[in-house]
Amino acid sequence: MQHISSDFPRFAAIRRASGLAALCFLAACSDPFEVVSKAAFEQTDLVYTQSTPPPGAAEGSCWGKHVTPAKVETVTHQIQLQPAEVRTDGTVSAPGVFKTETSQMIVKERRELWFETPCAPMLTPEFVSTLQRALKARGHYRGAVSGYIDARTRASIRKYQAPQGLDSAILSLAAARKLGLVAYDLDRSG
């Protein structure tokens, strides 16, 4: 029979509490921008780039890229190699011989859509909170206003932008302007 010390649960609780305290200390030392950015970059369907923007992009502008994969359809055809042999009385003496050929056709081409986005330094907790409130006011966001770009916020961004032709969870600069979060640059738009 194995005896477990009554100190074990207390030791485990102290260990968990000290680990949590260290984590909170590290989080408090980090810049809020890094936390927001990290949440935005953790998704595989999100692609932010500054190093290789599309050709003709303005210096210092930030861009998102949404890739729609190609749709490929597999088509199967039966090709007759030899017809069936039919006797004069209508009975089949030898069935027809067929060959099955399978091919793939691209139904819809792969599409890369580049669009301008708010730059990462703009994605402060205050900006994200305002974004969440703006999406909530339009019926697209149902979560708590946290100031962090989480899965619910990304889903709400996608839901808001999809009817406008951008099915992406990356906030476009055009959507941010339409939501009233970013001012229009009159020098660039005219």
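The values are calculated or read from the model by the stated rules, or taken from the named source; none is laboratory data. Just so we're clear, the structure is a prediction, and the values are computed from it rather than from any experiment. Using ideal geometry, Cβ is built from the backbone for each residue, glycine included, and neighbour counts are taken over all protein chains shown. Heavy atoms of the whole protein, side chains included, go into the accessibility calculation; ligands, DNA and RNA do not. Shrake-Rupley method; radii C 1.70, N 1.55, O 1.52, S 1.80 Å.
Going by what's in this entry, would Glu73 be described as modelled with pLDDT of 90 or more, open to solvent by 50 Å² or more (accessible area, probe 1.4 Å) and of a type in the set (D, E, K, R)? Yes; evaluated as a whole, the condition is true for this residue. One residue stands out among those in the range 95-113 that are surrounded by 11 or more Cβ atoms within 10 Å (Cβ to Cβ) and part of a strand (DSSP E or B): the one that is farthest from the chain's Cα centre (by Cα), which is Val97. If you go through the range 152-190 and keep only what is over 17 Å from the mean Cα position of the chain (by Cα) and of a type in the set (D, E, K, R), you end up with Arg177, Lys178, Asp185, Asp187, Arg188.
In the range 138-150, the qualifying residues are those that are free of Cβ contacts under 8 Å to residues at least 24 places away in the same chain and of a type in the set (A, V, I, L, M, F, W, C), and the one that is nearest to Leu123 (Cα to Cα) is Val145. Being surrounded by 10 or more Cβ atoms within 10 Å (Cβ to Cβ) and either under 20 Å from the mean Cα position of the chain (by Cα) or over 30 Å from Val182 (Cα atoms) (or both) is a property that Ile149 has. Regarding Tyr160, is this residue aromatic (Phe, Trp, Tyr) and loosely packed, with under 13 Cβ neighbours inside 10 Å? So Tyr160 does not fit the description; no. In the range 168-190, the qualifying residues are those that are part of a loop (DSSP other than H, G, I, E, B) and more than 19 Å from Ser129 (Cα to Cα), and the one that is modelled with the lowest pLDDT is Gly190.
In the range 137-167, which residue that is within 15 Å of Leu113 (Cα to Cα) and assigned to a helix (DSSP H, G or I) is modelled with the lowest pLDDT? Within the range 137-167, the match that is modelled with the lowest pLDDT is Gln164.
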